[in-house]
Each structure stands twice: as C-alpha cells, then as structure tokens.
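Read the figures in this text as sums done on the coordinates, not as results from a lab. Note that the structure is a prediction, hence the values are computed from the model and not measured. Because the Cβ atoms are built from the backbone with ideal geometry, glycine has one as well, and the counts that use them run over all protein chains shown.
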Amino acid sequence: MRSTIIIGGGISGLAAAWELRGRADVTVLESAPHVGGQMRSAYVAGVPVDVGAEAMTALRPEAIGLAREAGLGEALCDPARAATVVWSDGALRAFPTGHVMGIPVDPSALTGTGLLSDDGVERLRREDALPTRCLDRDVPVAEYLSGRIGREAVDRLVAPLVSARDGGSADRMSLRAALPRLATAADRGGSVTG
C-alpha cells in the first residue's frame, strides 16, 4: 500500500483522507491544535457555538454524498426550516421570507426591517433596471454583487450568510463556488433580484 501525506486537516484535507482510505496509508499533517479548519466549535459566554462554516449547500450533491458516506446522514438537516437572522446595528434582525443567500426576491419586503437603510432598499429595487453585465471570468461574490445590489446589501445581507455557511469572506470567495446558480444567471446577464 502506498503512503500519502496530506497537508492540512481542514475539511478538504479530511475529505481527501476519507477518499483514500483503504487505498493508501494516509497521514494528515495539521499545524493547528485541532482538525476541521474553519469548521469547529468554540465557547462564547460558556455556550458552545459553531464558528466558521456551519452549513453546506445541497446544491453540491458530492458534499451531501460525502456526509452520508461518512455516517453523518442522520445528522443532516434542512436549514430552511429555521428563520434566517443576522446581527445588524446592535440587534438580531430576521430576514423576510423569499431570499436566496440574502438576496431578496421582493426588495420592498426589507422596508422597515432595519436590515438596510432606505437608500439600500431603493438600490435593490432598481437592480433589475441596471445594464446587464455578463461574466467573462470568475469573480469574488462581493465584487459582482456590489455592482448589482450595492455594497450595503452585500455587507449586511449576503456576506453574513455566505460567511456562516462557507466560513469565508465574500470579498475573497468565488462567485461560481459560493453561489453557482447566481453565477449561471450572471453568465446570461440577468437580474439577481428577479
């Protein structure tokens, strides 16, 4: 049996080790005192909370398959059953229903929620009237969406959800990897709110 060294015990390194089981003698090297990378728990005021990524998208069937294969199928749950909330201006604020990763289907539903300023809501309302912009390359989530829905909406609506789910920054995360359906719509030059 061949020997394989995997550098990094984050989710990618652990998934690689899992895939190689039985076919190689695997050693995972991790510099942190724990494995899991950005996916871990920490204590806040004595309460355990997930920090980093805490969910995965069902749009990636290989992730669901890997979880089931690893014996975690019974632990999978549908987050759509819970209300979506973000911390904004010193309070937890609930998202209105009808959004995709923070992008509302009906921007007027945000009026009076405290999630966006009046100007931010108005910017969202005008998104479908903006000139279309087809993608010619993959770009970070925030770069593309700031031009479509405004930086305020990205920072207060999209970035918290993308970060919570994927454990990364909307300023660095690939649009195609984080929001594949949105990237497909962007390839066609379509609106992101309608």
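Normalising by residue count, the range 83-194 has a Cα convex hull of 90 Å³ per residue.
Amide H contacts of Asp106: none lie under 5 Å away among residues 5 or more positions distant or on a separate chain (H built 1.01 Å from N in the peptide plane; Pro and chain starts excluded). Excluding Arg2 itself, what net charge comes from residues whose Cβ is under 10 Å from its Cβ, given Lys and Arg +1 and Asp and Glu -1? Summing Lys/Arg as +1 and Asp/Glu as -1 gives 0.
Residues whose amide H comes within less than 5 Å of that of Val28, counting only those at least five positions distant or on another chain, are Ile6 (H built at 1.01 Å from N in the peptide plane).
What's the local net charge at Ser88, with K and R +1, D and E -1, over the other residues with C-beta under 14 Å away?
Once all neighbours under 14 Å are counted, the net charge is -1.
The distance separating the Cα centre of the range 108-130 from that of the range 2-25 comes to 46 Å. Histogrammed with a bin width of 5 Å, the alpha carbon distances of the range 1-79 distribute as 3, 13, 19, 22, 20, 14, 7, 2, 1, 0 percent, first bin at zero. Between Glu19 and Val35, the contour length at 0.36 nm per residue exceeds the Cα-Cα span by 4.1 nm.
Sorting check: for 45-51, 61-67, which peptide has the highest mean count of neighbouring beta carbons within 10 Å, and how do the rest follow?
61-67, 45-51
The tail of the calculated P(r) for the chain beyond 19 Å holds 66 percent of all Cα-Cα pairs. Please report the antiparallel percentage of the DSSP beta bridges confined to the chain, to the nearest 5. Percentage antiparallel, nearest 5: 65. Exposure proxy shown here: for Ile5, Ile103, Ile149, the number of other Cβ atoms within 10 Å sets the order, fewest to most, as Ile5, Ile103, Ile149.
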